[in-house]
Amino acid sequence: MTLAWYGHLKFGSGSKLVSNWGLFGVILLSWLIAFFEYCAQVPANRIGFQGTGGPFSLMQLKVIQEVITLVIFVIFATIFFKNETLKSNHLIAFIFLILAVYFVFKK
């Protein structure tokens, strides 16, 4: 989803093809990319959810998904957008994410 949502910001500035598509074309490309993630995410949620025999509650699944998404986003942003840097407030936010995971899994 990160590539689908933010990739056009990087690739649109350097690519004549993507920059000429306009908003509608970029939306279609983004949804095409996102489709494959949804094809993996939906079955993963069904397998992992307690209501369908998995080990995780709905809240736990959502926190796991958000943490994974944010970690991937940080990696993506630092690799593709060289002007984006990690700052101390970002590191503090990651500490709070770790605490969120701890508390959501605490019995």
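Could you tell me which of the residues E84, E37 is touching a helix residue (DSSP H, G or I) at 6+ places or on another chain (Cβ under 7 Å) and either modelled with pLDDT of 85 or more or among the charged types (D, E, K, R) (or both)? Walk me through it before giving the result.
Values: E37 fails: touching a helix residue (DSSP H, G or I) at 6+ places or on another chain (Cβ under 7 Å).
None of the other options fit; the residue is E84.
Which residue, of F49, F73, is touching a Leu at 6+ places or on another chain (Cβ under 7 Å) and surrounded by 13 or more Cβ atoms within 10 Å (Cβ to Cβ)?
On the way: F73 fails: touching a Leu at 6+ places or on another chain (Cβ under 7 Å).
Exactly one of F49, F73 is touching a Leu at 6+ places or on another chain (Cβ under 7 Å) and surrounded by 13 or more Cβ atoms within 10 Å (Cβ to Cβ), namely F49.
Just to be sure, is K62 at pLDDT 90 or above and either in a helix (DSSP H, G or I) or over 29 Å from L99 (Cβ atoms) (or both)?
Values: at pLDDT 90 or above: yes; either in a helix (DSSP H, G or I) or over 29 Å from L99 (Cβ atoms) (or both): yes.
Yes, satisfied.
Name the pairs whose Cβ atoms lie under 9 Å apart, with the first residue in region 78-107 and in contact (Cβ under 8 Å) with a residue 40 or more places away in the chain, the second polar (S, T, N, Q), and 6 or more positions between them or separate chains?
Final answer for the pair search is V104/S57; V104/Q60; F105/Q60.
Within region 90-107, which residues are surrounded by 13 or more Cβ atoms within 10 Å (Cβ to Cβ) and of a type in the set (S, T, Y)?
Across region 90-107, there are no qualifying residues.
Which residue pairs have Cβ atoms closer than 6 Å, lie 6 or more positions apart in sequence or on different chains, and pair a first residue in region 21-46 that is of a type in the set (D, E, K, R) with a second residue that is in a helix (DSSP H, G or I)?
Pairs that qualify, where the first residue is of a type in the set (D, E, K, R) and the partner is in a helix (DSSP H, G or I), are R46/T52.
Given the structure, is K107 assigned to a loop (DSSP other than H, G, I, E, B) and charged (D, E, K, R)?
Numbers: assigned to a loop (DSSP other than H, G, I, E, B): yes; charged (D, E, K, R): yes.
Answer is yes for this residue.
Name, by its number, the condition in (1) part of a helix (DSSP H, G or I); (2) exposed (fewer than 10 other Cβ atoms within 10 Å of the Cβ) that does not hold for T85.
Exception for T85: condition (1).
The values are calculated or read from the model by the stated rules, or taken from the named source; none is laboratory data. What you are looking at is a predicted structure, and each value in this text was computed from that prediction instead of being measured. For neighbour counting, all protein chains shown are included, and Cβ atoms are generated from backbone atoms with ideal geometry for every residue, glycine included.
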